[in-house]
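Read through the structure below, which is laid out as structure tokens, and then see the notes.
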Amino acid sequence: MGFKGTDILNGYQFTNQQLNEIMNTAARYEKRVKEGEVIRDMEGMVVASLFFEPSTRTRLSFEAAINRTGAKCISMADANSSSTAKGETLLDTIKTVDGYVDVIVMRHPQKGSAAQAATVAVHPIINGGDGAGQHPTQALLDIYTMRKEKGHIGGQTVTFLGDLKHGRTVHSLGYFMQQLGNKLIFASPEALRMPEEITGELRAKGADITETDDVREALAKSDFVYVTRVQRERFENPADYEKCKGSYIVNKELLKAAKPGITILHPLPRVDEIATDVDDYEGAAYFRQAHNGMYLRMALLGLVTGRA
């Protein structure tokens, strides 16, 4: 379907047919891994893992995916250990690394940085998060998780809860949810609302959106709740963070008001927005969600290299 050589940059670049192919490819990789197969689809290839911001799940699941598909990985896990600390520009770094590898996976604190990198790279760029912008691979693994948890995805109600202003995961996922025909509820404090540029674009595409600060009412209608932490690192003024932190906490008491069978998602890491007493709830899918990231990223690597 023409994935070879494709950059993975945002949450609105795929058709439903392409999304379905990505999900099915991830499912095949999951099956192969769980059956103990030694996979050599990307043998002979090299992938760069460039993380200019801290990461646990995204970086490690990508590097696990690289190894699981038979490729080799070169990595940078700290911007201070690269020549950017000497003043080298991002684009010069990308131009250099592009000559060593077949794919570049990158995370960078600057919004739009992945799209900029793609303008100078010959090989595919996969966006592992660009500041408060987009995080498409997280959104794709979220869809994969939702499909596994409910058996299908589409025609459902999804509440995004918490820091919707800075949460790049919900920025990407919102577009996918609209595309798949889901109703959207954005529940957040006034200061952390979904950016108007995103809600405006989603509504222009026909999205059914409700914005509220009433969490109980939102969860009573929802098949999924996607919880996000208040992102301390995105606040310029620490006092503003202190005002917003702990705005909403999902605990067993709150779940009593939720729609029966609701599935709880979270991109992790969590701070205090989901109480640990929720972890044994059957619909608490956030750790399963994290594990699904490896299979989804195996699929993306295989597809953009034409080796899947």
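The values are calculated or read from the model by the stated rules, or taken from the named source; none is laboratory data. None of the values given here were measured: they were computed from a predicted structure. Every residue, glycine as well, gets a Cβ built from its backbone with ideal geometry; the counts of neighbours run over all protein chains shown.
Beta carbons closer than 7 Å, at least 6 apart along the sequence or on distinct chains, never pair a first residue in region 117-130 that is assigned by TED's automatic domain parsing to the domain that holds I66 and without any contact (Cβ under 8 Å) to a residue 40 or more places away in the chain with a second that is part of a strand (DSSP E or B) and among the charged types (D, E, K, R).
In this structure, D163 does satisfy being on the phi < 0 side of the Ramachandran plot and assigned by TED's automatic domain parsing to the domain that holds H266. Look through region 263-274, keep the residues that are surrounded by fewer than 20 Cβ atoms within 10 Å (Cβ to Cβ) and of a type in the set (A, V, I, L, M, F, W, C), and return whichever of them is farthest from the chain's Cα centre (by Cα). Of everything passing the filter in region 263-274, V271 is farthest from the chain's Cα centre (by Cα).
The residues of region 240-270 that are in a helix (DSSP H, G or I) and at pLDDT 90 or above, listed by number, are K252, E253, L254, L255. Quick check: anything in region 61-73 of a type in the set (S, T, N, Q) and closer than 30 Å to T199 by Cβ? Looking through region 61-73, at least one residue is of a type in the set (S, T, N, Q) and closer than 30 Å to T199 by Cβ. The residues on offer are Y281, Y248, and the sole one that is surrounded by fewer than 24 Cβ atoms within 10 Å (Cβ to Cβ) and free of Cβ contacts under 8 Å to residues at least 60 places away in the same chain is Y281.
Do the conditions hold for S61, that is, is it under 18 Å from I104 (Cα atoms), touching a residue at least 24 places away in the same chain (Cβ under 8 Å), part of a helix (DSSP H, G or I) and of a type outside the set (V, I, T)? Yes; evaluated as a whole, the condition is true for this residue.
Residues in region 122-139 that are buried (at least 22 other Cβ atoms within 10 Å of the Cβ), among the hydrophobic types (A, V, I, L, M, F, W, C) and farther than 13 Å from R168 by Cα: I125, I126. When the criteria are applied in full, V38 fails the requirement of being modelled with pLDDT of 95 or more, buried (at least 17 other Cβ atoms within 10 Å of the Cβ) and in the same structural domain as Y100 (by TED's automatic domain parsing).
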